[in-house]
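S.K.: Mind looking over this structure? Questions follow.
Every read-out reported here was derived from the displayed coordinates using simple, explicitly stated rules and does not represent laboratory data. Fair warning: this is a prediction, and the values are worked out from it, not measured in the lab. Cβ atoms come from the backbone with ideal geometry, glycine included; neighbour counts cover every protein chain shown.
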Amino acid sequence: MIKRAPADVGMTLTEIDTPALLIDLEIFESNLNQMADNAKSLGVRLRPHAKMHKSADVAQAQIARGAVGVCCQKVSEAECLIDAGIHNILITNQVVGKRKLDLFVELSMRSELTICVDNAQNISDLNACAASRNTKVGVLVEVDVGGERCGVPSGEPTLELATQITQSLNLKFLGLQAYKGTAQNQREFGDRENASSVISGYLKETIELLKEHGITCKNVTGAGTGTWQFEGASNIFTELQPGSYAFMDADYARNKNSDGKTASEFGHSLFVYTTVMSAVHSDYVVVDAGLKSLAFDAGMPLVADDWTVNYHTPSDEHGVLDLSNSTRRYALGEKVRLIPGHCDPTVNLHDWYIGVRGDLVESVWTVTARGAVF
């Protein structure tokens, strides 16, 4: 982490160094409040995914609004958040290898930390690590509900792992993890709704099978920003894991509602702030945010304050703003807000969040778990 943040509290927007990661605090807080209210009205717990923001400050803001804790993907992420005061974390991922498992067990002894598994050998290894420290750890079986990534098939394969966990002296079976990432960005409302219905069907049958064998499934956790409303209303899920709703990137904003429109109840609160560094040509300018400031896996960023301008041709430290369809002209040194295509990997490129309210910097937060990928 670089020692100097791109801004100090009390600065104006124009004084912020760039590229910088901005949070519009009013929109951000509205997003957090809205999702907290949604979960409450659906009667389910909210456990936002911190892999998106990697921030103890954001996590604390979510917990202050009723979230039971957060999720993360990596043991090192969990360690950073625990060290920063977040003590209820679910690792929604498989953790493999003795070094990582030992660290997980160590962290679980000073926090409420749980983990997901999808392999019998992994369960045995985890049990052995917990036994070596004379402790018990909480475990969920991850079910592959069509994502074709991690997880075992529903039904008998899930039962086999759940049974193994209940028979392991140093493990506690806590329920099921079920998340389908590919359903989150299906653009049509009906397609996301149908995908969620199929997921709930798999889980219902599996929960009944577990019950037949004397295993109670108290927790079913999953869902994301694209499907939370369906899983929340399913009477199957007890907990929701949306992440991107807090910031809302350009990709999620393309999802359609039931009326076929893309207007979301969550607003764009995260921006990469950039400066016009070259204004030689009349039909384009160059800004100082490129491949090292933005992720491009979900497409180009949007120019927040001028939809007629297209960002293109990113290189390491440069990006081009095409002005051919815009009536505006940008001066050297002018600041521009970009909406990233995908917030998660964009955040991981930065050390600091600059929280702004109106035209003033109100907060400067570290990206607590930046680079925590192991």
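S.K.: Taking the Cβ-Cβ separation of Ser30 and Ala233 as r and a Förster radius of 25 Å, what is the calculated FRET efficiency to the nearest 0.05? Write down the numbers at each step before the final one.
M.R.: Values: r = 22 Å, r/R0 = 0.89.
Once the sixth-power term is evaluated, E becomes 0.65.
S.K.: Label points 7 Å out from Cα along the Cβ direction at Asp83 and Thr182: separation in nm?
M.R.: 3.8
S.K.: Kindly flag which residue pairs out of Lys74/Lys256; Lys204/Lys261; Lys51/Lys256; Lys51/Lys261; Lys292/Lys335 have an alpha-carbon separation exceeding 21 Å in this structure.
M.R.: Lys74/Lys256; Lys204/Lys261; Lys51/Lys256; Lys51/Lys261
S.K.: Putting +1 on Lys and Arg Cβ atoms and -1 on Asp and Glu Cβ atoms, find which of His213, Gly224, Gly155 reaches farthest to the positive end of the dipole of the chain.
M.R.: The residue sitting most towards the positive pole is His213.
S.K.: Quote the charge dipole size of segment 151-200 about the Cα centre in Debye, to the nearest 20; the model charges only the Cβ of Lys and Arg (+1) and of Asp and Glu (-1).
M.R.: It comes to approximately 180 debye.
S.K.: Per residue of the chain, what 222 nm ellipticity follows from adding -39500 (n - 2.57) for every DSSP H run with n ≥ 4, rounded to the nearest 500?
M.R.: -9000 deg cm²/dmol
S.K.: Rounded to the nearest 5, what % of the DSSP beta bridges within the chain are antiparallel ones?
M.R.: So the antiparallel bridges amount to about 45 percent of the total.
S.K.: Counting other Cβ atoms within 10 Å of each Cβ, which trypsin sites (Lys or Arg not before Pro) in segment 196-252 have at most 12 and sit in a DSSP loop?
M.R.: Hits after loop and neighbour filter: Lys218.
S.K.: Here's a follow-up. If the chain between Arg149 and Asp297 were fully stretched, how many nm would it gain, using 0.36 nm times the residue separation less the Cα-Cα distance?
M.R.: Contour length minus Cα-Cα distance gives 51.4 nm.
S.K.: Could you calculate the FRET efficiency of Met277 with Glu112 from 1/(1 + (r/R0)^6), where r is the beta carbon distance between them and R0 is 45 Å, rounded to 0.05? Show your work: numbers first, answer last.
M.R.: Values: r = 47 Å, r/R0 = 1.04.
Rounded to the nearest 0.05, the efficiency is 0.45.
S.K.: Taking a ≥ b ≥ c as the square roots of the eigenvalues of the Cα gyration tensor of segment 111-223, is the shape rounded (a/c under 1.5), prolate (a/b larger than b/c) or oblate?
M.R.: prolate
S.K.: Another question, then. Can you tell me how much longer the chain between Arg133 and Ser258 gets when fully stretched, taken as 0.36 nm per residue apart minus their C-alpha distance, in nm with one decimal?
M.R.: So the extension gain works out to 39.9 nm.
S.K.: If a/c stays under 1.5 just call it rounded; otherwise compare a/b with b/c (prolate if a/b is bigger, oblate if not). Do that for segment 59-108, with a ≥ b ≥ c from the square roots of the Cα gyration tensor eigenvalues. Can you show the working numbers first?
M.R.: Numbers: a/c = 2.95, a/b = 2.07, b/c = 1.43.
It comes out prolate by the Cα gyration axes.
S.K.: Using R₀ = 45 Å, calculate the FRET efficiency as 1/(1 + (r/R₀)^6) where r is the Cβ-Cβ separation of Glu334 and Glu160; round to 0.05. Show your work: numbers first, answer last.
M.R.: Numbers: r = 61 Å, r/R0 = 1.35.
Once rounded, the FRET efficiency stands at 0.15.
S.K.: Further question: Taking the Cα centre of the chain as origin, work out the dipole magnitude from +1 charges on Lys and Arg Cβ and -1 charges on Asp and Glu Cβ, in debye rounded to 20.
M.R.: Using only the charged Cβ atoms, the result is roughly 800 debye.
S.K.: Regarding the chain, what are the three Cα extents along the principal axes, ordered largest first, in Å?
M.R.: 71, 47, 34
S.K.: Taking the Cα centre of segment 221-354 as origin and charging only Cβ (+1 Lys, Arg; -1 Asp, Glu), how large is the dipole, in debye to the nearest 20?
M.R.: 300
S.K.: Another question, then. Among Gly43, Asn185, Leu169, flag the residue with its Cα farthest along the positive direction of the charge dipole of segment 26-245, charges on Cβ as +1 for Lys/Arg and -1 for Asp/Glu.
M.R.: Leu169
S.K.: Please report Arg45, Arg254, Arg99, Arg192 as a ranked list, fewest other C-beta atoms within 10 angstrom at the top and most at the bottom.
M.R.: Ordered from fewest to most neighbouring Cβ atoms within 10 Å, Arg45, Arg254, Arg99, Arg192 come out as Arg99, Arg254, Arg45, Arg192.
S.K.: Quick one: grab the alpha carbon gyration tensor of segment 26-245, order the square roots of its eigenvalues as a ≥ b ≥ c, and give me rounded if a/c is under 1.5, else prolate or oblate depending on whether a/b is larger than b/c.
M.R.: oblate
S.K.: Can I ask one more? In a Debye calculation with equal point scatterers on the alpha-carbon sites of segment 274-361 and no solvent, what is log10 I(q)/I(0) at q = 0.20 Å⁻¹?
M.R.: One equal scatterer on each Cα of segment 274-361 leads to -0.96.
S.K.: Can I get the semi-axes of segment 188-244's equivalent ellipsoid? Compute them from the C-alpha gyration tensor as square roots of 5 times the eigenvalues, in angstrom, largest first.
M.R.: 23, 13, 7
S.K.: Among residues other than Leu270 whose Cβ falls under 9 Å from its Cβ, what is the net charge (Lys/Arg +1, Asp/Glu -1)?
M.R.: -2
S.K.: Over segment 1-69, with a single point scatterer placed on each C-alpha, what log10 of the ratio I(q)/I(0) does the Debye formula yield at q = 0.17, 0.18 1/Å?
M.R.: With one equal scatterer per Cα and no solvent, log10 I(q)/I(0) is -0.74, -0.79.
S.K.: Want the number for His213 to Asn194: 0.36 nm per residue separation, take away the alpha-carbon distance, what's left?
M.R.: 3.9 nm
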